[in-house]
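Enquirer: My structure is below; once you've seen it, I'll send some questions.
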Amino acid sequence: MELKITETVLRDGNQSLIATRLPLSRFEGILDAMDKAGYYSLECWGGATFDSCIRFLGEDPWERLRVIRRLAPNAKLQMLLRGKSLLGYRHYPDDVIRRFVYKAVENGIDIIRIFDALNDLGNIAACVEETLRCGAHPSCAIAYTESPVHSIPGFVELAVRMEGIGAKSVCVKDMAGILSPIKSYELIKTLKERLSVPVVLHSHCSGGLAYMSYLKALEAGADVLDTAISSFSGGTSQPSTEVINSVAASYGYDCGLDTERLKTINAFFAPLMDEYHKDGTLSLKSLQTDPGVIYSQIPGGMYTNLIRQLADQGSSDKFDEIVRQIPAVRKDLGYPPLVTPLSQMVGTQAMMNVVTGSKYAHLCSEVISYLNGEYGSPPGEISAEVCAGAEACKQKSVQPPFSWEEVKERLADICGDDCDVLTCLMFPQAGENFVKGKNKAGDAGNKPVREGEKDEARLAQNVPQGKVSRGGIYSCPTDVEPDYDSFVDFETASESKAKDASYTVFAVLPGTVTKVFKTTGDDVTAGEPLLICESMKMENQILSPVAGRLAHVHIRIGDRVNMKERLVDIAV
Ligand code: CO
């Protein structure tokens with residue numbers, strides 16, 4: 001009997017435990033051994049990998065892929081794709097999707113695991129079709145979640161439809177590690193009965209269930225399991241490759257893995273993990289079993305990011321409260337599975353609710369797009385409270401439709417090739433900065449930008465974006481009288497209002513200023529966007545609470561702001 005193993009250390013292990021901070025230079029040396037270890041596939045590329053490369057590591061993600069391909073010429077390279085959102089956070093037109101899939105395959109990807117956060121098949125069909133056309137393997141993933149509106153028969157029907165649109169394998173993607181052993185058995189067994197393509201299980205150890213659910217999946221006939229080499233396993237990551245290999249062998253399964261090479265691979269990664277632990281990149285919390293995850297359904301990566309983000313801002317004391325708030329926000333939004341970008345939306349909204357002490361008085365821009373149906377259909381009903389919040393500041397998408405050719409032409413000056421264009425398109429701000437820097441200075445001159453560092457060169461590159469910017473695509477009609485309390489108030493705002501009839505706008509959440517629309521002296525109308533502050537990968541548009549003149553703009557693009565930090569003073 002055969003069981004296949006996908007190694008996740010280069011993508012999910014790295015992402016879940018150390019927020020994807022592993023540079024290519026630190027793992028190139030082991031790719032040869034990984035190539036020859038007998039894995040079914042090496043998961044090595046995805047949204048967070050891409051994001052981290054251009055934002056923090058100063059690496060071209062396409063070049064990273066090409067190097068992996070060159071140094072691991074025989075292994076099947078696998079990536080994770082978010083359906084129509086590709087590796088970004090908004091939906092792209094079909095010609096852009098086709099271009100991306102073509103370039104990914106051309107640069108070395110063999111297996112594309114495609115999922116949609118809402119399990120909306122309409123959002124993944126074009127990716128599947130194009131992957132097939134490029135001669136690669138489309139694997140469709142069910143975003144596994146539990147709620148009153150989700151069920152095992154429902155997931156099985158979804159999987160049957162996935163096979164129907166061309167999936168060459170179907171993966172149960174349990175991103176939060178909530179799949180219990182008994183449900184794992186039931187789901188995998190039923191999938192095996194109903195599907196003719198291989199069945200894959202992907203889970204996380206966060207809730208302490210994954211080893212048990214993997215064993216039950218093995219008993220139920222799973223074809224492929226996702227595991228991480230021991231030093232990058234456990235906690236918010238996958239079960240250990242070596243342990244699963246050994247247990248499978250004792251059940252009479254052959255994983256085809258070379259145990260000596262696995263030892264070499266683990267010996268290579270173990271000291272790296274020690275380093276990341278010493279410098280604080282790896283938080284002890286990410287390695288602990290948290291039974292709370294069973295209730296909150298927080299996926300590994302989201303958990304790590306939340307811990308890091310709050311620690312960076314000195315607000316770790318808010319962690320427990322935000323974690324408690326997450327299931328409530330999820331219910332109010334119709335039980336979306338907590339996977340990117342929904343996980344960030346729910347997380348950011350929970351953070352906003354906690355920080356402002358007021359539920360849905362301020363909604364992040366992406367939540368509004370979600371409510372507008374721009375991400376697909378929500379699985380369940382949206383609560384009246386959220387709808388009321390959305391009414392208070394109704395924002396409309398003014399994103400004009402665009403084609404691949406138009407975008408390519410617009411970005412021709414800064415982009416060297418189609419890969420650059422795709423980078424800019426998927427990461428409007430960070431991508432353009434990265435590509436400009438790369439093509440100006442060449443790779444050697446492209447220094448990594450460290451988190452929190454106010455890099456002058458980076459600031460200089462920050463020119464106003466065009467149509468493609470996520471945050472810039474909304475406008476707030478001025479005839480609506482929004483509830484401004486959430487972002488005007490806090491203690492001092494009401495004081496300054498009393499003294500000189502001016503308003504101060506404070507940061508609702510800690511984050512990074514990615515766009516400033518106005519300068520000191522400009523007139524603003526009520527509801528006009530002032531700036532965009534990015535928090536947990538979500539762009540939050542800060543609107544002017546009143547009509548007046550900007551007395552002082554306290555922040556610049558690239559600034560990191562803390563909660564309740566003064567952003568803008570408005571004289572009325
Ligand atoms: Co995962």
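Enquirer: Could you check Val199 against (1) within 16 Å of the ligand (Cβ to nearest atom); (2) at pLDDT 95 or above; (3) open to solvent by less than 10 Å² (accessible area, probe 1.4 Å) and say which number it fails?
Expert: (1)
Enquirer: Which condition number in (1) part of a loop (DSSP other than H, G, I, E, B); (2) open to solvent by 30 Å² or more (accessible area, probe 1.4 Å) is the one that Leu338 fails?
Expert: Failed condition: (2).
Enquirer: Considering only residues that are closer than 26 Å to Leu342 by Cβ, open to solvent by less than 10 Å² (accessible area, probe 1.4 Å) and not in a helix (DSSP H, G or I), which ones fall in segment 67-88?
Expert: Matches in segment 67-88: Gln78, Met79, Leu81, Leu86, Leu87, Gly88.
Enquirer: Which of the numbered conditions does Leu81 fail, given that it passes all the others? Conditions: (1) within 16 Å of the ligand (Cβ to nearest atom); (2) in contact (Cβ under 8 Å) with a residue 60 or more places away in the chain.
Expert: It fails just one condition, (2).
Enquirer: A follow-up question, please. So which strands (runs of 3 or more DSSP E) are wholly in segment 145-236 and hold at least 1 residues that are basic (Lys, Arg)?
Expert: Of the strands (runs of 3 or more DSSP E) lying wholly inside segment 145-236, those with at least 1 residues that are basic (Lys, Arg) span 169-173.
Enquirer: Still on this structure, I have one more. I'd like the residue in segment 234-265 that is out of contact with any strand residue (DSSP E or B) (no Cβ under 9 Å at 6 or more places or on another chain) and open to solvent by less than 50 Å² (accessible area, probe 1.4 Å) and, out of all such residues, is farthest from Glu7 (Cα to Cα).
Expert: The qualifying residue farthest from Glu7 (Cα to Cα) is Gly252.
Enquirer: Okay, next question. Pull up segment 168-182, narrow it to residues that are in contact (Cβ under 8 Å) with a residue 40 or more places away in the chain and in contact with a Cys (Cβ under 9 Å, 6 or more places away or on another chain), then point me to the one that is nearest to the ligand (Cβ to nearest atom).
Expert: Gly177
Enquirer: If you scan segment 237-255, which residues turn out to be assigned to a helix (DSSP H, G or I) and not polar (S, T, N, Q)?
Expert: First, pick out the residues of segment 237-255 that are assigned to a helix (DSSP H, G or I): 241-250.
Scanning segment 237-255 gives Glu242, Val243, Ile244, Val247, Ala248, Ala249.
Enquirer: Between residues in segment 369-384 that are over 21 Å from Arg82 (Cα atoms) and residues that are open to solvent by less than 40 Å² (accessible area, probe 1.4 Å) and part of a helix (DSSP H, G or I), which pairs lie under 8 Å by C-beta distance while being six or more apart or on different chains?
Expert: Correct list of pairs: Ile382/Asp332; Ser383/Asp332.
Enquirer: Sticking with this one: So which residues in segment 3-28 are in a helix (DSSP H, G or I), of a type in the set (Gly, Ala, Ser) and within 16 Å of the ligand (Cβ to nearest atom), if there are any at all?
Expert: Taking segment 3-28 and keeping what is in a helix (DSSP H, G or I), we get 9-18, 24-26, 28.
Next, only the ones that are of a type in the set (Gly, Ala, Ser) stay: 13, 16, 25.
Within segment 3-28, Gly13, Ser16 qualify.
Enquirer: Continuing with this model, one more query. Go through Tyr185, Tyr211 for me and flag whichever is within 16 Å of the ligand (Cβ to nearest atom), under 30 Å from Lys285 (Cα atoms) and of a type outside the set (Gly, Ala, Ser).
Expert: Of Tyr185, Tyr211, the one residue that is within 16 Å of the ligand (Cβ to nearest atom), under 30 Å from Lys285 (Cα atoms) and of a type outside the set (Gly, Ala, Ser) is Tyr211.
Enquirer: How many residues does segment 69-82 contain that are in contact with a Gly (Cβ under 7 Å, 6 or more places away or on another chain) and at pLDDT 95 or above?
Expert: Of the residues in that region, 4 qualify.
Enquirer: Follow-up. Which members of segment 328-351 meet the condition of being farther than 12 Å from Val367 by Cα and modelled with pLDDT under 90?
Expert: Pro337, Leu338, Val339, Thr340, Met351
Enquirer: Tell me, yes or no, whether segment 118-134 has at least one residue that is within 25 Å of Gln15 (Cβ to Cβ), within 16 Å of the ligand (Cβ to nearest atom) and open to solvent by less than 40 Å² (accessible area, probe 1.4 Å).
Expert: yes
Enquirer: Which condition from (1) crowded, with 22+ Cβ neighbours inside 10 Å; (2) outside any helix (DSSP H, G or I) is the one that His91 breaks?
Expert: For His91, the failing item is (1).
Enquirer: Could you please tell me which pairs satisfy a Cβ distance under 6 Å, a separation of 6+ or placement on different chains, a first residue in segment 270-298 that is at pLDDT below 95, and a second residue that is open to solvent by 70 Å² or more (accessible area, probe 1.4 Å)?
Expert: Between residues of segment 270-298 that are at pLDDT below 95 and residues that are open to solvent by 70 Å² or more (accessible area, probe 1.4 Å), there is no close pair.
Let's see how each residue does on (1) over 22 Å from Pro529 (Cα atoms); (2) of a type outside the set (A, V, I, L, M); (3) at pLDDT below 80; (4) surrounded by fewer than 19 Cβ atoms within 10 Å (Cβ to Cβ):
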position	(1), (2), (3), (4)
Asn372	no, yes, no, yes
Gly376	yes, yes, no, no
Pro379	yes, yes, no, no
Val386	no, no, no, no
Ala390	no, no, yes, yes
Lys394	no, yes, yes, yes
Ser397	no, yes, yes, yes
Pro400	no, yes, yes, yes
Glu405	yes, yes, no, yes
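Enquirer: Give the residues of segment 19-30 that are surrounded by 23 or more Cβ atoms within 10 Å (Cβ to Cβ) and hydrophobic (A, V, I, L, M, F, W, C), sorted by residue number. I'd like the intermediate steps shown before the answer.
Expert: First, the residues of segment 19-30 that are surrounded by 23 or more Cβ atoms within 10 Å (Cβ to Cβ): 19-20, 22, 30.
Within segment 19-30, Ala19, Leu22, Ile30 meet the criteria.
The values are calculated or read from the model by the stated rules, or taken from the named source; none is laboratory data. These numbers were taken from a predicted model, which means no experiment stands behind them. Neighbour counts run over all protein chains shown; Cβ positions are idealised from the backbone, glycine included. Please note that ligands, DNA and RNA were not included when accessible areas were found on the heavy atoms of the full protein model with its side chains. Shrake-Rupley method; radii C 1.70, N 1.55, O 1.52, S 1.80 Å.
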